[in-house]
Amino acid sequence: METKVITVEMREKLTHPLPPEAVTPHPTKKFLSSIKSIYVTERLNEVFGIGSWRVATDFVEKQDKMIVVKVKFSIPEYNIEYECYGGNDNADLGDAYKGATTDALTKIASWLGIGGEVFRGEAGKPTTKPQPKPQTQPAKKTLTVDKLMDEAFLHTLMEWLKKNTNGQNVDAFARQYYNIDDEAMQCITNEYNRLYA
């Protein structure tokens with residue numbers, strides 16, 4: 001059988017960062033993170049195909065609550081073979097064996113590039129600096145002479161101008177917030193002077 005070579009596309013899939021939900025704080029070592037094993041399995045299946053990779057687990061020893069196993073991992077089509085030890089201290093013996101196997105499998109997967117960001121301590125950190133959101137002015141409303149004929153609106157506008165300008169630069173201040181033609185601005189200035197001058 002001819003040995004296949006891992007392509008650039010496959011390498012990119014292997015090393016693509018795991019989703020945030022794949023990484024959790026380590027249950028006992030709070031300064032470490034753990035990778036949920038299903039994400040490793042899914043990544044291996046996605047890149048190499050279901051049934052193309054093999055795991056063989058050999059019991060090594062049990063001391064107190066700790067189970068230690070040796071995992072042999074292979075992908076025959078790509079001539080990939082790795083061995084790694086894993087451990088687990090789950091009180092349920094069956095879960096301890098499974099946990100020890102996935103412990104070793106997760107480490108082996110890191111040798112293929114899966115979850116490298118977790119082992120480098122980069123998981124959960126933003127990859128780029130967040131860009132500040134541009135501050136945008138709300139769209140200006142247009143003020144026309146017809147709008148100024150509405151006495152309630154004109155009264156509210158005059159109070160707003162008085163409160164915010166105190167008679168200084170009324171024209172420039174009003175134009176910051178409204179599109180105002182010269183005729184409407186003249187009406188605003190005349191009314192402001194009539195009320196407050």
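The values are calculated or read from the model by the stated rules, or taken from the named source; none is laboratory data. Please read all numbers here as calculations on a predicted model, not as lab measurements. Positions of Cβ are backbone-derived with ideal geometry, glycine not excepted, and every protein chain shown enters the neighbour counts.
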Considering the stretch 123-164, residues that are loosely packed, with under 13 Cβ neighbours inside 10 Å and closer than 30 Å to Tyr39 by Cβ, and then whichever is modelled with the highest pLDDT, we arrive at Gln131
Number of positions in the stretch 165-189 that are surrounded by 13 or more Cβ atoms within 10 Å (Cβ to Cβ) and under 43 Å from the mean Cα position of the chain (by Cα): 5
Tally time: how many residues in the stretch 65-114 are out of contact with any strand residue (DSSP E or B) (no Cβ under 9 Å at 6 or more places or on another chain) and closer than 15 Å to Thr41 by Cα? 1
Counting only residues that are under 21 Å from Tyr39 (Cβ atoms), loosely packed, with under 14 Cβ neighbours inside 10 Å and at pLDDT below 95, the stretch 52-97 contains a total of 1
Would you call Ala100 in contact with a Gly (Cβ under 6 Å, 6 or more places away or on another chain) and crowded, with 17+ Cβ neighbours inside 10 Å? yes
